[in-house]
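Participant: First, the structure itself, so that you have it in front of you.
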Amino acid sequence: MGRQRTINDAEFWRSPRVADRSQEDKATLLYLLTSPYSNIIGVYQIVPRIAAAEMGWTADQLLAILKRLNSSEIALFDAESGFVWVKNWWDHNSAKMAIATTLRSKTLGQISAIPAPWRDEFLRDFLSRLPSNDSRQSGDDLRLLITRELAKCGYGVSIPYQQGSHTSAGNTNLNSNDISNSNTTHSGDCLEFPSLDVDILSELQHIVQELPLHIRQDVLDEITAKMNAGTLRSSIALARHFAAKPDRFVLKEGYAVRLARKKRTPVQAELDAQARRRVDELAYLDENLLHLSEQQFLETYQNLPPTLIHHLRIRRAQLTSASR
């Protein structure tokens, strides 16, 4: 079954950014919001030749329109990589749903694939769309939670703050602090940081980026070892000390941490793979539940036990409520 995308009609047809665009621009924006290539976050790769054929155009026609949309920053397109960023994506999709338990791992993976020149701006906008508090998350601040996870993967991010309480349909619109404007790219393999408060973690991440690549994880292991031993006064001060004289750094107490980390790496990799598969399965189920009509729901799940159907209805109601 194909995915179903929802378009907020008022945010599209009456949006000042869209209303004055040409019919070709509007059609292309609708395609990008509903494209079979699209993903959870609205930043994804397309093949212009295939995308154009799906719209009944030539590749040259589509590329000319993408160039116009890129110039007006409604949708960015990188011709070299084929990535497109649909900048009004969160006007029609819920950022909060994107970091729901069943989708979070996939969302973070898609964020890691965003072209580096776009990533800081994307994160600044994405984090600002998340609510600052959510009782259904056991009192956790969703922006704090996601900021922490992003920082652990090497992104220097600051926690957005709320200014005013205006919200638009389906999203929470907030202003945000700066996100690190470094040109750091993400290798796809996250460094393993010690357990710290998010503000300290973010500062530590910035300092670690100043270290030579080959000692970054060793420095973190050394800090973790000293924390575990209770001999560390300040992780930031120690990291700055190592960053000031990286050629003199020697792994000492961190050997045990390094060994333990390497021993659990294969096991953790398999667990991560299993978790990703499970997340994909649940994400597919959630997407179907969210978009199926009542008739489609009955036809799809009519042969399941009544108890399971009841649980699916509860989950469907939760997803519908969270997407509003």
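The values are calculated or read from the model by the stated rules, or taken from the named source; none is laboratory data. What you see is a predicted model; the values in this text were computed from it and never measured. No Cβ is skipped: glycine too gets one built from the backbone with ideal geometry, and neighbour counts run over all protein chains shown.
Rundown of residues vs (1) farther than 16 Å from GLY254 by Cα; (2) in contact (Cβ under 8 Å) with a residue 12 or more places away in the chain; (3) in a helix (DSSP H, G or I); (4) within 27 Å of the chain's Cα centre (by Cα), yes/no style:
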residue: HIS206; (1), (2), (3), (4): yes, yes, yes, yes
residue: ARG216; (1), (2), (3), (4): no, yes, yes, yes
residue: ASP221; (1), (2), (3), (4): no, yes, yes, yes
residue: LYS226; (1), (2), (3), (4): no, yes, yes, no
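Participant: Follow-up question, since we're still on this one. Exactly one condition in (1) at pLDDT below 80; (2) in contact with a helix residue (DSSP H, G or I) (Cβ under 8 Å, 6 or more places away or on another chain) is not met by LEU103; state its number.
Facilitator: The failed condition is (1).
Participant: Which of the residues belonging to the stretch 175-234 are out of contact with any helix residue (DSSP H, G or I) (no Cβ under 7 Å at 6 or more places or on another chain), at pLDDT below 85 and more than 19 Å from ASP120 (Cβ to Cβ)?
Facilitator: Of everything in the stretch 175-234, those that are out of contact with any helix residue (DSSP H, G or I) (no Cβ under 7 Å at 6 or more places or on another chain), at pLDDT below 85 and more than 19 Å from ASP120 (Cβ to Cβ) turn out to be ASP189, SER195, ASP197, LEU213.
Participant: Next question, about the same structure. Return the residues of the stretch 8-34 that are crowded, with 18+ Cβ neighbours inside 10 Å and either assigned to a loop (DSSP other than H, G, I, E, B) or touching a Pro at 6+ places or on another chain (Cβ under 7 Å) (or both); say none if nothing qualifies.
Facilitator: ASN8, ARG21
Participant: Restricting to the stretch 301-322, name every residue that is more than 12 Å from LEU289 (Cα to Cα) and touching a residue at least 40 places away in the same chain (Cβ under 8 Å).
Facilitator: ALA322
Participant: Answer yes if at least one residue in the stretch 16-36 is assigned by TED's automatic domain parsing to the domain that holds VAL86, farther than 16 Å from ALA75 by Cα and either among the charged types (D, E, K, R) or touching a residue at least 24 places away in the same chain (Cβ under 8 Å) (or both), and no otherwise.
Facilitator: Looking for residues that are assigned by TED's automatic domain parsing to the domain that holds VAL86, farther than 16 Å from ALA75 by Cα and either among the charged types (D, E, K, R) or touching a residue at least 24 places away in the same chain (Cβ under 8 Å) (or both), one finds at least one in the stretch 16-36, hence yes.
Participant: Can you tell me which residues in the stretch 73-97 are farther than 19 Å from ALA113 by Cα and free of Cβ contacts under 8 Å to residues at least 24 places away in the same chain?
Facilitator: GLU73
Participant: If you go through the stretch 149-156 one residue at a time, do you hit one that is of a type in the set (Lys, Arg), at pLDDT below 75 and under 24 Å from PHE193 (Cα atoms)?
Facilitator: Keep residues of the stretch 149-156 that are of a type in the set (Lys, Arg), which gives 152.
From what's left, at pLDDT below 75: 152.
Keeping just the survivors that are under 24 Å from PHE193 (Cα atoms) gives 152.
Taking every residue of the stretch 149-156 in turn, at least one turns out to be of a type in the set (Lys, Arg), at pLDDT below 75 and under 24 Å from PHE193 (Cα atoms).
Participant: Anything in the stretch 229-239 that is surrounded by 14 or more Cβ atoms within 10 Å (Cβ to Cβ) and not in a loop (DSSP other than H, G, I, E, B)? List them, or say none.
Facilitator: SER235, ILE236, LEU238, ALA239
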